[in-house]
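Below is one structure; the comments refer to it alone.
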């Protein structure tokens, strides 16, 4: 009887938890700019702060925000450090709105064709490739549905 009750509670609550994890944004650019306009006395957004292109090969335009291309109270990229700068990746839902699928602290990325699909070549701190040398880690990542799938890392 207790197992049935626990299972029933889990079935009822699971969709609630899942929907709470993936918030739908009407426009990530507006959301992120609004956040920085509230937290910074003076904020400037560079032309590369928001990039709109299809990141998951579904034909719908998605959004990537690059926090290295903003200046907050005279400090360029205030959340950047030795690991790189935050970049947020959003996919657009077919029904409308955007879902944030990843936040990555990276040096930068290239978006290239690899065996017919567009993939990210993320450049990041070497420790993300379990290395201690100075050369950046390069991770090849494909966006599949609503998540990053690592293809390889060097």
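Each stretch of four or more DSSP H residues adds -39500 (n - 2.57); spread over every residue of the chain, this sum gives -7000 deg cm²/dmol at 222 nm. Between the alpha-carbon centres of the stretch 96-154 and the stretch 24-49 there is a gap of 23 Å.
Here the ratio of the Cα radius of gyration of the chain to 2.2 N^0.38 Å is 1.24.
Across 128, 89, 49, mean-square fluctuation computed from a Gaussian network of the chain (C-alpha pairs under 10 Å connected) peaks at 128. Considering only 108, 97, 41, the mean-square fluctuation computed in a Gaussian network model of the chain, springs between alpha carbons under 10 angstrom, is largest for 41.
Taking 35, 67, 125 as the candidate residues, the one with maximal mean-square fluctuation in a Gaussian network model of the chain, Cα springs under 10 Å, is 35.
How big is the stretch 81-154 by the Kirkwood estimate over distinct Cα pairs, in Å? By the Kirkwood definition, the hydrodynamic radius is 13.1 Å. Could you state the angle between the C-alpha long axis of helix 28-39 and the longest principal axis of the C-alpha atoms of the chain, as a value from 0 to 90 degrees rounded to the nearest 10? Approximately 70 degrees, to the nearest ten.
Fewest neighbouring Cβ atoms within 10 Å first, the residues 50, 112 line up as 112, 50.
Taken together, the values in this text are just the output of simple stated rules run on the coordinates, not laboratory data. Since the structure is predicted, the reported quantities are computational estimates derived from the model, not experimental observations. Every residue, glycine among them, receives a Cβ derived from its backbone with ideal geometry; neighbour counts consider all protein chains shown.
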